[in-house]
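The values are calculated or read from the model by the stated rules, or taken from the named source; none is laboratory data. Small disclaimer: the values here were computed from a predicted structure and weren't measured. Cβ: placed from backbone, ideal geometry, glycine included. Neighbour counts: every protein chain shown.
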Amino acid sequence: MAKVFRPSTRESSILSKIESSKEFARRRAIQSVRDCIDQLANGIASKLVENELVETHNKNSLQERIHKCLETLTNADDFDIDYQIAPFRRLVAQPHVVSLYVTAFVIEKLINDKDIVDIYGSDDEIYACIHHQVSKHLP
């Protein structure tokens, strides 16, 4: 017979604290995007073009699209965010929710923009480029 595992009260409280701290960090990161949305959108757009991951006719249009993506992120509910990042959740071991959301936007939606010629690089390279900029501006 298999043994039934019943976590003790202490184990349950520790697991609950870990889960709630992850949720708090996620909410704090999304809320802090509002404070630096312009700089973040500019930094991400510039680095994507500089690193030749995105080829575009108009860098300002790219920056505006990323700015709108970040605004959408700050106003979205948890289900919409989880739905957007679901295909990329296993991209890295401990992903940052903002970096993952913008990466999913670039890979899935930005490719269809009229000013974008093409998107180069792997998903990992795009995430790393975006995450480098996000880590400069967000906690």
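Listed by first and then second residue, the pairs linking a residue in the range 38-51 that is farther than 18 Å from Thr74 by Cα to a residue that is assigned to a helix (DSSP H, G or I) and among the β-branched types (Val, Ile, Thr), with Cβ atoms under 6 Å apart and 6 or more places separating them unless they lie on different chains, are Ala45/Ile66.
Pairs meeting the criteria (first residue in the range 115-136 and surrounded by fewer than 12 Cβ atoms within 10 Å (Cβ to Cβ), second residue outside any helix (DSSP H, G or I), beta carbons under 6 Å, at least 6 apart or on different chains) are Val117/Glu55; Asp118/Glu55. Any residue at all in the range 50-64 that's among the basic types (Lys, Arg) and modelled with pLDDT of 95 or more? No - not one qualifying residue is present in the range 50-64.
One residue stands out among those in the range 98-114 that are crowded, with 20+ Cβ neighbours inside 10 Å and among the β-branched types (Val, Ile, Thr): the one that is farthest from Ala45 (Cα to Cα), which is Val98. The C-beta contact set for the range 85-104 (first residue at positive phi and modelled with pLDDT under 90, second residue among the small types (Gly, Ala, Ser) and assigned to a loop (DSSP other than H, G, I, E, B), distance under 8 angstrom, 6+ apart or interchain) is empty. If the condition is being of a type in the set (S, T, N, Q) and exposed (fewer than 13 other Cβ atoms within 10 Å of the Cβ), then the range 29-57 contributes Gln31, Gln39. If you go through the range 115-133 and keep only what is within 15 Å of Gln63 (Cβ to Cβ) and either in contact with a Pro (Cβ under 8 Å, 6 or more places away or on another chain) or not aliphatic (A, V, I, L, M) (or both), you end up with Asp115, Cys129, Gln133. In the list Arg65, Arg26, which residue meets the criterion of being surrounded by 13 or more Cβ atoms within 10 Å (Cβ to Cβ), charged (D, E, K, R), farther than 18 Å from Tyr120 by Cβ and touching a helix residue (DSSP H, G or I) at 6+ places or on another chain (Cβ under 9 Å)? Result: Arg26 is the single residue among Arg65, Arg26 that is surrounded by 13 or more Cβ atoms within 10 Å (Cβ to Cβ), charged (D, E, K, R), farther than 18 Å from Tyr120 by Cβ and touching a helix residue (DSSP H, G or I) at 6+ places or on another chain (Cβ under 9 Å).
Among the residues of the range 51-94, count how many are more than 17 Å from Glu108 (Cα to Cα) and among the basic types (Lys, Arg). Summing the residues that are more than 17 Å from Glu108 (Cα to Cα) and among the basic types (Lys, Arg) in the range 51-94 gives 1.
Here the helices (runs of 4 or more DSSP H) wholly within the range 46-139 that include at least 1 residues being more than 16 Å from the chain's Cα centre (by Cα) and over 20 Å from Ile30 (Cβ atoms) are 59-75.
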